[in-house]
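J.: Mind looking over this structure? Questions follow.
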Amino acid sequence: MDRHTIRRSALALIFASAMAGSAIAQSAAPAAVPPASSAATPKPACGGDLAAFLAGVKAEAIADGADAASADKTLAGAQIDQKVLAMDRSQGVFRQTFLEFSQRTVSQGRLDIGRQKMKQYADVFAKAEQDYGVPAGVITAFWAMETDFGAVQGNFNTRNALVTLAHDCRRPEFFRPRLIALIELVQRGDVDPATTTGAWAGEIGQTQMLPPDIIAYGTDGDGDGHVNLKTSAPDVILTTARFLQHLGFIRGQPWLQEVAVPDNLPWEKSGIGGPLTAGDWFKLGVKPRDGDTNFASLPAALILPQGRKGPAFLTYPNYNTYLGWNQSFIYTTSAAYFATRFAGAPPYSKGAPEPGLNDVDMKALQTKLVARGYDVGKIDGILGSGTRVAIQKEQFRLGMPADGWATSALLNGL
């Protein structure tokens, strides 16, 4: 799933297989925002005869430093995978609430397995924190969320997936460099193009990394001279930690803290990017459930995934690392909460959130917000960031608690 739209396809695979009966329709796209095309940056060659296209890829890879033998080995037998195209065209959307999603993902079974992994690989996790500043629980939460600790990594041939998406003319500027990077991984001996499988958009391994990220941040944790993210837990742990450090994780700082909130707050100041510090919130009556106020000087946003009557959290600068991994608010908050559980936090208080809107009513609300001049993106029935911001502003205008949660009262008020 796209780290910058909703991140990679692995999550859809996890819930389709490892959590049968609770599958999540999730937007699935690659791991970065594709650059906008323009006359100055034309799209790379795409479409047409596959053999001619592959010859062009080979020539580009060699120009970038690959050897011809590795390019030939990677591209030999490459095929267009129609299932990959179908996945790309039918990307779903995220329709679960935070309570629904987090309750399913942060399961007792996963917590138990994760704690076993943290004990089993204690030395590797210690090295990860020493070298990159990322605690074991943060890494373990992503490991669980992405592939159930490697159990569900995807069964699409990675070479064919990237060839298919690079050849397709919808987003070749994004996928062609990933295909070129795969050739480098083959040259290093880290990937077998004939047998390596992963997610439909080309992600590989137990925390679902794209080839350029593996090249840039892959770390040999088991000392065999290779980075194998499919089968080597030490490689997975250290590579994930190094990548999270790259995303900006700050050593020794928190990322998420559950809090209790009073009945009255300047709710309009809540939400991602809010202007207050943790100490400011504490002075307003926000109380950490764990009692820890040691980080009062840090910037902190009060987030209310289901409004002021549901679970409440302060997010610290390290929360931005989660957004760098995946910009889905629900996924991000669930992953951050998951990591706090591995760090010893108790289950959150569910509270008693006001009922949200169904799909039809949410679209009606978005339509009204657009009519009032707000940019909510696509009218899709999804409570995304643009819709939350617009809701909050309208709640404030109407004299309602501006907590960003879509309710019937707001819909009727507009």
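J.: Report yes if some residue within the stretch 326-342 is in a loop (DSSP other than H, G, I, E, B) and farther than 21 Å from GLN96 by Cα; otherwise report no. First the steps, then the outcome.
T.: Step one: list which residues in the stretch 326-342 are in a loop (DSSP other than H, G, I, E, B), which gives 326-328.
Applying the additional criterion that residues be farther than 21 Å from GLN96 by Cα yields none.
No: the stretch 326-342 contains no residue that is in a loop (DSSP other than H, G, I, E, B) and farther than 21 Å from GLN96 by Cα.
J.: In the stretch 114-169, what residues are under 30 Å from ILE80 (Cβ atoms) and of a type in the set (Phe, Trp, Tyr)? Let's see the steps before the verdict.
T.: From the stretch 114-169, those under 30 Å from ILE80 (Cβ atoms) are 146-148, 150-169; that's our starting set.
Residue satisfying the conditions is PHE156 alone.
J.: Among (1) touching a residue at least 24 places away in the same chain (Cβ under 8 Å); (2) closer than 26 Å to TYR132 by Cα, there is one condition SER297 misses while meeting the rest; what is its number?
T.: Only one criterion is unmet by SER297, namely (1).
J.: List the helices (runs of 4 or more DSSP H) that sit entirely inside the stretch 71-170 and contain at least 3 residues that are closer than 21 Å to GLY202 by Cβ and within 16 Å of the chain's Cα centre (by Cα).
T.: 136-147
J.: Also, I was wondering about something else. Tell me which residues, restricted to the stretch 367-407, are open to solvent by less than 60 Å² (accessible area, probe 1.4 Å), in contact with a helix residue (DSSP H, G or I) (Cβ under 8 Å, 6 or more places away or on another chain) and among the polar types (S, T, N, Q).
T.: Within the stretch 367-407, THR387, GLN392, GLN395 qualify.
J.: Select, from ALA364, ALA352, the only residue that is among the hydrophobic types (A, V, I, L, M, F, W, C), surrounded by fewer than 21 Cβ atoms within 10 Å (Cβ to Cβ) and assigned to a helix (DSSP H, G or I).
T.: ALA364
J.: Does the stretch 96-114 hold any residues that are touching a helix residue (DSSP H, G or I) at 6+ places or on another chain (Cβ under 7 Å) and not aliphatic (A, V, I, L, M), and which are they?
T.: Within the stretch 96-114, GLN96, PHE98, PHE101, SER102, THR105, ARG110, GLY114 meet the criteria.
Okay, residues lined up against (1) among the acidic types (Asp, Glu); (2) at pLDDT below 70:
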{"residue": "ALA12", "(1), (2)": "no, yes"}
{"residue": "MET19", "(1), (2)": "no, yes"}
{"residue": "PRO34", "(1), (2)": "no, yes"}
{"residue": "PRO42", "(1), (2)": "no, no"}
{"residue": "ALA51", "(1), (2)": "no, no"}
{"residue": "ALA59", "(1), (2)": "no, no"}
{"residue": "ASP72", "(1), (2)": "yes, no"}
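Condition check ((1) modelled with pLDDT of 95 or more; (2) in contact with a Gly (Cβ under 7 Å, 6 or more places away or on another chain); (3) surrounded by fewer than 24 Cβ atoms within 10 Å (Cβ to Cβ); (4) small (Gly, Ala, Ser)) across all residues:
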site	(1), (2), (3), (4)
ASN160	yes, no, yes, no
THR164	yes, no, no, no
CYS169	yes, yes, yes, no
ARG178	yes, yes, yes, no
ALA181	yes, no, yes, yes
GLU184	yes, no, yes, no
ASP190	yes, no, yes, no
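J.: Among residues belonging to the stretch 258-303 that are assigned to a loop (DSSP other than H, G, I, E, B) and of a type in the set (Ser, Thr, Tyr), point out the one that is least open to solvent (accessible area, probe 1.4 Å).
T.: Per the stated criteria, the residue is SER270.
J.: While we're looking at this one, here's another question. Looking at VAL227, is it assigned to a loop (DSSP other than H, G, I, E, B), assigned by the TED database to the domain that holds GLY56, buried (at least 19 other Cβ atoms within 10 Å of the Cβ) and at pLDDT 95 or above?
T.: Answer is no for this residue.
J.: Among the residues in the stretch 205-212, are any open to solvent by 30 Å² or more (accessible area, probe 1.4 Å), under 19 Å from GLY248 (Cα atoms) and either in a helix (DSSP H, G or I) or at pLDDT 95 or above (or both)?
T.: So far as the stretch 205-212 goes, yes, one or more of its residues are open to solvent by 30 Å² or more (accessible area, probe 1.4 Å), under 19 Å from GLY248 (Cα atoms) and either in a helix (DSSP H, G or I) or at pLDDT 95 or above (or both).
The values are calculated or read from the model by the stated rules, or taken from the named source; none is laboratory data. Owing to the predicted nature of the structure, the values given are computational and were not obtained by experimental measurement. So basically every Cβ, Gly included, is an ideal-geometry build from the backbone, and we count neighbours across all protein chains shown. Note: areas computed on protein heavy atoms with side chains; ligands, DNA, RNA excluded. Shrake-Rupley method; radii C 1.70, N 1.55, O 1.52, S 1.80 Å.
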